[in-house]
Amino acid sequence: MSEQPIPIAGFNLGEYVESSAKAGDIQVDAYAARGNELQRSPATASYGSSPLLSPHAPGTVEPVPLPPPLQNPAGTGESLAERAADTLSHESQMLGPYPFSSLSLTENPSAESQGWPGLIFLSSYAYLQPEQLRGMGLSPADAVIYSEVMMPHELAHQWYGDQVSWASYHEQWLLEGLANYISLLLLERSQAADVQLTLENYRQILASRSREGRRIVEAGPVTLGSRLSSSHFPNGYEIITYGRGTWLIHMLRCMLRDASRTPENPAGDDTVFLALLRSLVQQYKGKEITNTNFEEAVEAVLPKPLWFENRKSLDWFFDGWVNGTAFPQLELSGAKVARTAKGVTATGIIHQNDAPFDLVTSVPVYGVDGDHQIYLGRVFAEGAETRFTLPAPVNVKQLVLDPYHTVLTEP
Ligand SMILES: [Zn+2]
């Protein structure tokens, strides 16, 4: 009997070494395969077989090397159980109480993972350390995905995916993007550089070309879900859902953080974004969420600086970025810093190149003072060219757009 109603139930059968850890009262069990199941059942692994893995050779199917048998399944399972217990504690703090009395992680002999209620089917690759993965020929970004991102991502599905479900394939990106971004938020606390590496990797993959020479980003908007994969874009679903989906949540988070900046709190913080993550779980627990529900929930807490044309609406973001395939290049021209009687003003023109004519983007503008980059404000870039004027501190000499990569742009 499950402890409460659950939308799906799974099990796993195999010869495992069991290791345990505790997250408060919650029992966390990790099951590592005895020997190497992959050698008995070699995954026909290609870059597309894992939703998170990046292509090594775009347009070709290149096998992922098989991991060596676990040298020490008991030790590996133990360290995994401890890491999962720690992740569970952090995600519970972030999202609300974990809904079950136990969590089981079981080795899945393939490149893929899935998070089911109280149970995670975890890829054999995620049992390995980054050094081991790199030693097998995986790129540094793929090693980060398997060793740092995958388990916390699957664990986040206990909230987003298993408690809050998608209403249809149009929302697959939302649950995957949220689960993936929650994993990156935790990783950012200790390994911020790995988060940057992951986001940059997604950007490069979105820009990579299909066999026919088209950029993968053109497969379609995230809201097409599994229909993104086609003969033209065989991995369209994986790359757009996880790559672009993660970036869209990153853009929202960074907009909310910048909007919270005040003279007393110049760096801003994630209070609004984190409260949103938590309240969505409360509101949609045991229910399905639609893209419209999500847009309305963000709009309900939308701070004034993100009101485009003075409307408390995110239609501009959902039209161009969620339901569109925007992947612009941003360029700054005519940048000037002028000293007047009233103070210092920064002016310039933002160009959105290679973008839909009606695309609206919230672009952060920074001033440069020696080695320092000072946030001046966000500008709504609308269409091809947008003139802006922002107040600036006296010591600012140059201007720069989005130096911390918070907007998804073409590399
Ligand atoms: Zn997922």
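The values are calculated or read from the model by the stated rules, or taken from the named source; none is laboratory data. Bear in mind the structure is a predicted one, so any value in this text is a computation, not a measurement. Positions of Cβ are backbone-derived with ideal geometry, glycine not excepted, and every protein chain shown enters the neighbour counts. Please note that ligands, DNA and RNA were not included when accessible areas were found on the heavy atoms of the full protein model with its side chains. Shrake-Rupley method; radii C 1.70, N 1.55, O 1.52, S 1.80 Å.
Worth pointing out:
- Tabulated pairs, the range 221-235, first farther than 14 Å from residue 166 by Cα, second open to solvent by 30 Å² or more (accessible area, probe 1.4 Å) and in a helix (DSSP H, G or I), C-beta under 6 angstrom, 6+ apart or interchain: 228/237; 229/237
- Residue match in the range 307-320 (condition: out of contact with any helix residue (DSSP H, G or I) (no Cβ under 9 Å at 6 or more places or on another chain), surrounded by 15 or more Cβ atoms within 10 Å (Cβ to Cβ), of a type outside the set (D, E, K, R) and more than 18 Å from residue 249 (Cβ to Cβ)): yes
- Selection count where residues are of a type outside the set (D, E, K, R) and in a loop (DSSP other than H, G, I, E, B), scope the range 332-352: 1
- Sole residue being more than 14 Å from the ligand (Cβ to nearest atom), farther than 24 Å from residue 156 by Cα, open to solvent by 20 Å² or more (accessible area, probe 1.4 Å) and out of contact with any Asp or Glu (no Cβ under 7 Å at 6 or more places or on another chain), chosen from 218, 200, 188: 218
- Yes/no for residue 352 being farther than 30 Å from residue 292 by Cα, out of contact with any helix residue (DSSP H, G or I) (no Cβ under 6 Å at 6 or more places or on another chain) and surrounded by 14 or more Cβ atoms within 10 Å (Cβ to Cβ): no
- Residue in the range 250-271 that is in a helix (DSSP H, G or I), under 23 Å from residue 182 (Cβ atoms), open to solvent by less than 30 Å² (accessible area, probe 1.4 Å) and among the hydroxyl-bearing types (Ser, Thr, Tyr) present: no
- Taking residues in the range 337-364 that are free of Cβ contacts under 8 Å to residues at least 60 places away in the same chain, and partners anywhere that are basic (Lys, Arg) and open to solvent by 40 Å² or more (accessible area, probe 1.4 Å), the pairs with Cβ atoms closer than 7 Å and at least 6 places apart or on different chains are 347/336; 348/336; 349/387; 363/378.
- When each of 65, 51 is tested for being modelled with pLDDT under 90, in a loop (DSSP other than H, G, I, E, B), touching a helix residue (DSSP H, G or I) at 6+ places or on another chain (Cβ under 9 Å) and surrounded by 13 or more Cβ atoms within 10 Å (Cβ to Cβ), the lone residue that passes is 51.
- Annotation: of all residues in the range 128-171 being of a type in the set (Asp, Glu) and more than 24 Å from residue 291 (Cβ to Cβ), the one that is surrounded by the most Cβ atoms within 10 Å (Cβ to Cβ) is 142.
- Of all residues in the range 272-300, those satisfying the criterion of being open to solvent by 50 Å² or more (accessible area, probe 1.4 Å) and of a type outside the set (Val, Ile, Thr) are 274, 275, 278, 279, 282, 283, 285, 286, 287, 288, 296, 300.
- Extreme residue, farthest from residue 219 (Cα to Cα), among residues of the range 238-247 that are within 15 Å of the ligand (Cβ to nearest atom) and open to solvent by less than 10 Å² (accessible area, probe 1.4 Å): 246
- Looking at 231, 226, 208, just one residue is at pLDDT below 95 and touching a Pro at 6+ places or on another chain (Cβ under 7 Å), and that residue is 208.
- Strands (runs of 3 or more DSSP E) enclosed by the range 361-401 - at least 2 residues per element that are of a type in the set (Phe, Trp, Tyr) and out of contact with any Leu (no Cβ under 6 Å at 6 or more places or on another chain): 372-382
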